[in-house]
Amino acid sequence: MGLFGNEERPQKLEREHDKEKAKQLAPAALATHLAFAVGGFLLSKVVKKIGGRKVGGGKRHPGAYVFVIRFKFASVDDRDAWFKKFKILAEYVADNEPTTLAYEAAVAEDDPLEVLAYERYVDKDALHEIHERSTPYLRLKDDVKSEGIEYKSVVSQSYYEQDLGFMETKF
């Protein structure tokens, strides 16, 4: 108690007011916490279902067949001319070859003349019986020859995935 005897009274009224306000806000706070908890749970399920990465096992195409080709072009002009042909073929593959899982080209970080083509198929037949027999693929091969697109070297290798890591995600 203070000198005049009333200093504690305003603090007591303030605390009672805060308690009353807290009682009024409690349902809204509970609802907010519940919404965040439910939202977080549902989001974790959605992420897991549409794009969560799972290492080893669980791939849609275990043991996929991978074909990798490393091109060394004679010039940047040759590389760019090949890229134009590759893009046309890649658009065809995306629209017409559902057994082709990936079809991409990448330029080496330290050598603009080196290109890696990465092709991924559900199985070996998807490459040899479908892709390599398609008219756009055969056209690309013919165009490269007829237009004089020059390679210094071409090295290719095929692989079977071992289903140990992860490949597919939807993000």
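The values are calculated or read from the model by the stated rules, or taken from the named source; none is laboratory data. Fair warning: this is a prediction, and the values are worked out from it, not measured in the lab. In case anyone asks, the SASA skips ligands and DNA or RNA and just uses the protein heavy atoms, side chains included. Shrake-Rupley method; radii C 1.70, N 1.55, O 1.52, S 1.80 Å.
A few points about this structure:
- A cut-off of 5 Å between modelled amide H atoms, ignoring neighbours fewer than 5 places along the same chain, links residue 166 with 56.
- The slack in the chain from residue 61 to residue 159, taken as 0.36 nm per residue of separation less the alpha-carbon distance, amounts to 33.9 nm.
- Links that overshoot a 19 Å alpha carbon limit, given the list 85/124; 84/141; 124/152; 124/145; 72/124: 85/124; 124/152; 124/145; 72/124
- To the nearest 10, the accessible area of residue 159 is 120 Å² with a 1.4 Å probe.
- Here the Karplus relation 6.51 cos²θ - 1.76 cosθ + 1.60, evaluated at θ = phi - 60°, turns the backbone of segment 152-162 into coupling constants of 7, 7, 9, 10, 10, 7, 10, 9, 10, 5, 9 Hz, with x for every Gly and Pro.
- Note: segment 55-149, Cα convex hull, 101 Å³ per residue.
- Solvent-accessible surface ranking, highest first, for 166, 71 at 1.4 angstrom: 166, 71
- From phi via Karplus (6.51, -1.76, 1.60), per-residue ³J(HN,Hα) for segment 140-147 in Hz, x at Gly/Pro: 4, 4, 5, 5, 4, 5, 5, 8
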